[in-house]
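Below: the structure, in structure tokens.
Taken together, the values in this text are just the output of simple stated rules run on the coordinates, not laboratory data. The shown structure was predicted, so the numbers you read here are calculated from the model rather than taken from an experiment. Note that we place each Cβ from the backbone using ideal geometry, even for glycine, and neighbour counts take in every protein chain shown.
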Amino acid sequence: MTEAKVELAGFEERYLDARGCRLRYLVAGRGEPLLLVHGLGGAASNWLALAPLLLPGRRLLVPELPGHGGSEPLPAAASLNAYADRLGLVADHAQVAGTAVVGHSLGGAIALRLAIRRPDLVESLVLAGAAGITSATRRSRYALTVTGLLKPGRRIAPHRRRVASSALLRTLVFGRWGAADPQALPPEVVDGFLAGPARHTDTFSAARALMRDDPRADLDRVRCPALVLWGARDNQLPVADAFDYARRLRAPVRLIADCGHLLIGERPDACADAIESFLAASS
């Protein structure tokens, strides 16, 4: 069984050479297109719990960002635009047009850039705990720099099965920053969040590009409908960011109760309900 099938059952693994960067992505299903974009230090396996809930009646495209998972690093990454442009090439290669995009954390910030740069491609947008607004603060810059240099995910990844089976270790790894109730995370979800870092080649460039990015000046250029989806107990990106995004985008906010930053794995049912309702209304 291939690694891709272990991560997301029923998905086909594909690769694309995109302007000097070989990208790995997964695809499955038929119907309306939906693009899922993971966060900093993540991988396609981050969507292990949520993707199956969104798959019926849709064609799901799950790329791994440059430098993440099985995707090669970018030759240069001056801004998040370079990441957004590669996602656009993946969508073009997969013959996806008029797609909905769900971006988590860093993936939300990149999804915004994609919506601005490719309005022909992005039909609707879901920002799930999206980075960007407070990512340039001194505290966030320090945290992103330290994380990029120390690479804690790479150190933990070889022990992910042990973490998944221990309530104490789940709390140590995911407590405070990631999940409101880390002990309740299912073992397969823990495995999905920790599987990617062992294969990462360059997440620091994405972190630096995020630190240089302030989306607020450009949010009026987003023309498609948007939903802001947030964990009510997100300790990494404050709920105030959600309301700031919503105000500037004139978008509704959906807060997921008793949920932290890793809402796509912590409360996949509630996330799927919010996304399905939004996509049905926006279509």
Just to be sure I understand: with springs between alpha-carbon atoms less than 10 Å apart, which residue in G153, G29, G103 has the highest mean-square fluctuation in the Gaussian network model of the chain?
G29
Hey, rough spin-label estimate for D120 and E32, points 7 angstrom out along Cα→Cβ, what's it come to in nanometres?
2.3
Pick out the long, greasy-scoring helices in the chain: whole DSSP H runs spanning 24 Å or more along their own axis by Cα, mean Kyte-Doolittle at least -0.5.
none
If you put +1 on each Lys and Arg Cβ and -1 on each Asp and Glu Cβ, how big is the dipole of region 189-273 around its Cα centre, in Debye rounded to 20?
340
For region 68-73, Karplus couplings with θ = phi - 60° (6.51, -1.76, 1.60), whole Hz, Gly/Pro x:
10, x, x, 8, 6, x
Under 5 Å, built H, 5+ apart or other chain: amide partners of N235:
H261
So between N81 and E276, what do we pick up on full extension, going 0.36 nm a residue minus the alpha carbon distance?
67.4 nm
Express the Stokes-Einstein translational diffusion coefficient of the chain in µm² s⁻¹, to the nearest whole number, given a Kirkwood radius over alpha-carbon pairs, 37 °C and a viscosity of 0.692 mPa s.
179
